[in-house]
Structures are given as structure tokens and as C-alpha cells.
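Undergrad: For reference, the structure I am asking about is given below.
Rule-based calculations on the coordinates, nothing more; no lab input. Nothing here was measured: the structure is a model prediction, and the numbers come from that model. Because the Cβ atoms are built from the backbone with ideal geometry, glycine has one as well, and the counts that use them run over all protein chains shown.
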Amino acid sequence: MLRSSFAAPTSATIDDLSDSVLQSEMGDAAHQTSLTSIGLIVLSTISGAVAQILLRFGAESLGEGGLVGLLRNFPLMGGYACLAMNVVLVVLAFRGGQLSVLYPIIALTYVWVAILSPMYFPEAITNSQIAGLALIIAGVSFIGAGSRS
Amino acid sequence: MNTPVSSIVLVLVASLIGSLAMVLLKLGADCHRRKEPFSRWISAISGGIALFLVSSVLYVLGIKGGSLTILYPMVSTGYVWGLLWSRMFFGEPFNRHKVVGLSLVLAGVFFIGLGQG
């Protein structure tokens, strides 16, 4: 298993070792997903969606002004900053919850992108997209509710 | 719009790599929670970020060349891998809520691809 290969201690005392084994048994298998984790992963989807919108703006003016132009491409840089924040939020969320609960919630990113895109780009939201968004929200709610019961 | 097999393969591989990125991020997060040494959790998280970057490049290359109606369902195979890895690597049980909820999410991603195709 991946975890056991990582758990091989280099400079831990026997006490530290038994402590970490105990914690991992209690903390992983029987671990419930906290509301904080669910909140953090939802925040990560918002920053992920903002990143996508900014990167798309940035991509439109790509290749103008060489390296300086690249660094002055504020939408592009802002997009990467949002992506970095996205990773931090995902890791913080993963500390307190199950991967199988939190991972599917990331699909909410589609919902935010679909809501934000028509505001900034000339495109309309279609009926089948609305159906898709409703299904994603239903699925994510179902998974979230299941993790609380 | 025709979707070449190469686009489908790129998106499938990107989804698989993306799901493995999540496994490494989860591993790093668990190491951090258990207060394991810095080197251990930072290496897992860096590995996760690297896989995430590789996956996004493959994803963009794949998505460019085909119809989203075909490719979006391929994107969502990442979530199925994720459910499998969470059980294999972290001992998280399947339950009805996860399976039904994930099926709804997959159907939703399919419909969004249909709307943009």
C-alpha cells in the first residue's frame, strides 16, 4: 500500500511510531468528513472556476509583448494565483475528510464556470447544460448528505 | 465535429493522471495531519502538483481536438478512478450515497458536454 511505504519512519522513536500508527488507524479508516472540509472544498471549486475564467481572458492576449508582456498579463497571473490557492484549499480540505466524499464535490467547478462564463464571454447557457448543472448539484448534495449520516 | 482517437486517449490518460494527483495530495494532507516530517508531506504534495500540471496539459491538448459531447464523459472517468483509489489506498468504504451521488455527477458532466458540443 502507498501509505505504508510512506509511513516508514527515519528518525522516529518507538513512541512516536506507535502514536502515528494509532492515529492513522483511527484517523483514516473510520474518519468522518468534517463540515469544515466540505466548506473548504466548495471554496476550492470557486477559486478553480475563477482561475479558469481568468486564464481564458489571459489566453486571449497571449504572445503580446514577449516575456514582459507575459508577466504583465494580469488575468493570466491572477489565474495562476487562483490555481495555487485552489491546491492549498484542496490539501486543507483533504486533511479532515474522505477522498471519496471530497473528490466528486470538485465537480461543482463546472457549475460556477457555467454560471460565470455567460457573464464575461459571448455565449449562452443551453437547456442541456442547465440539466447537467442540476444533476451535478443533486449528486454532490447526495454525497455530502451521505457523509453526515 | 469529428473526435480523433488520439483526443480520446489524451483525455482518458489526463483523467487517470489527475486522479493520481488527488491521491498524492490526500496522502500529503494525511501525513501533515499526523505531524509527520516536513520532507515526507511536502514530497507527496509536490508530486501531486506535478501530476496535476501534467494532467492539465494533456487535458488541454485532448479537449482542443474534439467534440465535448464525446470528451466530457471521458473527463469524468477521473471521478470513477478516484472512488477506486480511495478504497484501495485509504480504506474508505463504498456506500450507496457515494455510488448514487457519483452517478448523478457523471450524468451531469455528460449533459454539460452535450450542451457545448
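Undergrad: Using a 7 Å offset from the Cα along the Cα-to-Cβ direction at both A:Ala84 and B:Leu53, what is the distance between the two label points in nm, to one decimal?
TA: Here the modelled spin labels are 1.3 nm apart.
Undergrad: Which lysines, if any, have their Cα less than 20 Å from the Cα of B:Lys64, not counting same-chain residues under 8 positions apart?
TA: Filter leaves no residues.
Undergrad: Under the definition of Cα pairs under 8 Å and six or more residues apart, what whole-number percent is the relative contact order of chain B?
TA: Once normalised by length, the contact order is 35 percent.
Undergrad: Would you mind giving the mean number of other chain beta-carbons within 10 Å of the Cβ of each residue in B:31-40, as a whole number?
TA: 5
Undergrad: Can you list the lysines whose alpha carbon is less than 20 Å from that of B:Lys98, not counting same-chain residues fewer than 8 positions off?
TA: B:Lys26
Undergrad: Compute the long axis of helix B:77-90 from its Cα atoms, compare it with the longest principal axis of the Cα atoms of chain B, and write down the angle in degrees, 0 to 90, nearest 10.
TA: Once rounded, one gets 20 degrees.
Undergrad: Now for a different question. Report the Cα centroid-to-centroid distance between the range B:36-115 and the range A:60-128 in angstrom, as an integer.
TA: 15
Undergrad: Please give the length that would be gained between A:Gln32 and A:Ala124 if that part of the chain were fully extended, namely 0.36 nm times their separation in residues minus their C-alpha to C-alpha distance (nm, one decimal).
TA: 29.1 nm
Undergrad: How far apart, in nm, are two points set 7 Å out from the Cα along the Cα-to-Cβ line at A:Ser141 and at B:Arg96?
TA: Modelled inter-label distance: 1.9 nm.
Undergrad: Let me ask something else. Using alpha carbons only, how many degrees (0 to 90, rounded to 10) separate the axis of helix B:5-33 from the longest principal axis of chain B?
TA: Taking the Cα atoms of chain B, the angle to B:5-33 is about 20 degrees.
Undergrad: Would the range A:33-148 count as rounded, prolate or oblate if I go by the C-alpha gyration tensor, calling it rounded below 1.5 in a/c and otherwise prolate when a/b exceeds b/c, oblate otherwise?
TA: Since a/c reaches 1.5 but b/c is at least a/b, the shape of the range A:33-148 is classed as oblate.
Undergrad: Okay, moving on. Order these peptides, A:34-46, A:61-73, by their mean beta-carbon neighbour count within 10 angstrom, highest first.
TA: Final packing ranking: A:34-46, A:61-73.
Undergrad: What nm distance separates the two modelled labels at A:Leu70 and B:Ser46, each placed 7 Å from Cα along Cα→Cβ?
TA: About 2.2 nm separates the two model spin labels.
Undergrad: Hey, another quick one. Tell me, Kirkwood radius of the protein assembly as shown from alpha-carbon pair distances, in Å?
TA: 19.4
Undergrad: Here is a further query. Arrange the following residues from fewest to most other Cβ atoms within 10 Å of their Cβ: B:Met74, A:Met85, A:Met77.
TA: Least to most surrounded, the residues fall as A:Met77, A:Met85, B:Met74.
Undergrad: Could I ask something else about it? Classify chain B from the C-alpha gyration tensor, please: rounded if a/c falls under 1.5, else prolate or oblate depending on whether a/b exceeds b/c.
TA: It is oblate, given that a/c is not under 1.5 and a/b is not larger than b/c.
Undergrad: Report, to the nearest 10°, how far helix B:38-64 tilts away from the longest principal axis of the Cα atoms in chain B, using its own Cα long axis and a range of 0 to 90°.
TA: 0
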